[in-house]
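Worksheet for the structure shown next.
Taken together, the values in this text are just the output of simple stated rules run on the coordinates, not laboratory data. As the structure is a computational prediction, the values presented were derived from the model and not from experiment. No Cβ is skipped: glycine too gets one built from the backbone with ideal geometry, and neighbour counts run over all protein chains shown.
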Ligand code: ADP
């Protein structure tokens with residue numbers, strides 16, 4: 001019946017724990033894992049960084065264009081009206097803006113005035129480029145002047161006055177990228193229109209403008225937390241594989257995200273990546289560490305659940321032990337009391353004729369009162385220990401005398417129960433002990449030996465010196481204790497679940513008191529037992545007085 005109740009309580013406990021802790025924890029862990037899987041499948045981490053990179057490139061492009069427009073506007077405002085245009089005017093512009101390689105102005109009446117940076121003309125490649133561009137633009141404008149003028153007028157009205165023409169000019173060993181800005185100039189007085197152009201110096205773009213701009217935009221992006229501090233950026237021709245220019249720290253490799261430039265630099269593309277790693281590697285690292293921390297979390301949760309389960313089970317077992325204890329103690333109190341009452345009443349009636357009977361009844365009443373006193377003392381001691389109020393009175397004691405005196409009153413009882421009693425008391429040094437507590441320990445051990453013996457009735461008590469300690473041993477040939485129970489029997493309220501034990505009266509307090517008393521004396525109590533063979537309980541007390549005293553103070 002009890003076992004069934006306990007089983008039910010255990011099942012309820014497991015169910016509650018599963019519902020309240022295990023289920024939410026499992027949902028959390030499984031949900032987390034499948035969410036991570038989903039992100040992994042969709043390359044979520046990479047996509048997120050790519051989106052950030054895309055935004056960074058858009059902002060970078062805007063800043064580069066903004067700067068380039070400022071520079072071109074600066075040059076355009078110096079351009080003369082078509083009627084005043086001459087080589088000298090254009091040369092002045094070139095002198096004022098060294099980053100410009102060529103400027104030109106075309107009217108159908110006067111053809112093209114094309115001027116190039118004079119200090120660069122010694123460079124054969126540059127010279128050749130000047131001739132090529134001059135011929136090319138003149139030919140083009142002659143053919144397309146009116147259409148192109150119309151187009152530029154419309155663009156001007158929309159607020160975008162420039163048409164940008166990307167040109168890759170061949171030099172000695174490579175091609176140089178240039179962007180030529182073409183715009184319309186109008187003579188306010190005569191209304192004459194002319195097509196004008198500014199060509200950026202390709203070398204300047206490659207060696208100064210782009211590296212500076214890329215560094216500047218990246219440091220601004222990092223400062224504004226727009227991008228990772230390890231991000232590096234470069235610019236290259238749309239169909240080129242090598243960068244035209246890159247920011248500091250560019251470590252080669254393929255960009256993770258690219259963006260075709262529009263505005264001032266058509267035909268170029270910006271590319272961004274992370275220095276020293278790839279998005280795929282970052283994604284892998286993220287998932288590895290996420291799964292690891294999820295596994296760690298699961299482990300912590302599992303440990304927590306196991307610990308809670310253990311503690312709750314322990315509490316439940318203790319609660320059960322306590323309730324058993326109450327019923328055991330009430331039973332133990334009732335039996336001697338009813339015996340005392342019965343014999344006292346018989347004596348009171350005065351009908352006994354045999355004086356030996358009187359003696360016998362008095363003896364029974366005394367022994368039952370002693371049993372009661374022992375039980376109540378155990379309970380009182382236990383409650384003092386539990387409340388932390390137990391005090392010991394350590395005095396120098398001759399243990400031989402203490403053992404003999406304690407057992408004197410028992411010897412008769414032991415033999416009356418048909419036990420063979422053996423006593424072996426050696427010479428031992430006097431020790432500082434609490435006499436009452438030591439006597440109680442011995443009585444508890446002897447009582448247990450009496451209670452838990454069946455056919456082979458033997459009790460042996462020995463006191464001897466062993467190296468630095470004194471040992472007090474109580475041996476029986478009783479029912480013994482299974483090995484797995486031997487560590488538990490010293491716990492409060494604990495009684496072995498054997499039917500033989502349950503048929504014997506007991507509170508489960510005796511051995512826990514013995515252990516507490518032994519420890520308070522700086523010693524310990526050990527059991528050596530095998531089921532069906534018998535048990536040996538040994539209290540070991542240290543002879544060393546200093547140790548004895550220290551523990552006494554602690555106790
Ligand atoms: P109890 O009041 O039940 O005897 P104890 O604390 O003295 O309480 O003992 C705890 C349990 O240890 C007992 O219930 C019994 O199962 C076991 N035990 C103690 N002494 C012996 C012994 N000498 N032989 C067999 N079992 C013993």
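Helix-only mean residue ellipticity at 222 nm, the chain, DSSP H runs n ≥ 4 weighted -39,500 (n - 2.57), per residue, nearest 500. What is it? All intermediate terms of the calculation are to be shown ahead of the outcome.
On the way: 13 runs with 290 residues, N = 555.
Roughly -18500 deg cm²/dmol at 222 nm, from the helical runs in the chain.
Enter the Cα centre distance for the pair region 387-403 and region 324-381, rounded to the nearest angstrom.
28 Å
Mind pulling the angle between the C-alpha long axis of helix 399-416 and the longest principal axis of the chain? Nearest 10 degrees, somewhere in 0 to 90.
Rounded to the nearest ten degrees, it is 70.
Helix 510-520 against the longest principal axis of the chain: what's the angle in degrees, Cα atoms only, rounded to the nearest 10?
Helix 510-520 sits roughly 70 degrees off the main axis of the chain.
Considering just Cα atoms, how many Å³ per residue does the convex hull of the chain enclose?
Once divided by residue count, the hull of the chain is 301 Å³.
Under the classification rounded if a/c is under 1.5, otherwise prolate if a/b is larger than b/c and oblate if not, where does region 336-488 fall, given a ≥ b ≥ c as square roots of the Cα gyration tensor eigenvalues?
It is prolate, given that a/c is not under 1.5 and a/b is the larger ratio.
So if I take the centroid of the Cα atoms in region 62-77 and the same for region 430-486, what is the distance between those two points in Å?
A separation of 103 Å, based on Cα centres.
Please report the spacing between the Cα centers of region 221-259 and region 187-205 in Å, no decimals.
If you average the Cα positions of each part, the centres end up 32 Å apart.
For the chain, take the longest principal axis of its alpha carbons; what is the angle in degrees between that and the long axis of helix 124-157, to the nearest 10 within 0 to 90?
Result, in degrees: 90.
Using Cα pairs closer than 8 Å and at least 6 residues apart in sequence, work out the relative contact order for the chain, in percent.
That works out to 10 percent.
Taking the Cβ-Cβ separation of residue 327 and residue 423 as r and a Förster radius of 41 Å, what is the calculated FRET efficiency to the nearest 0.05?
In this case the efficiency is close to 0.70.
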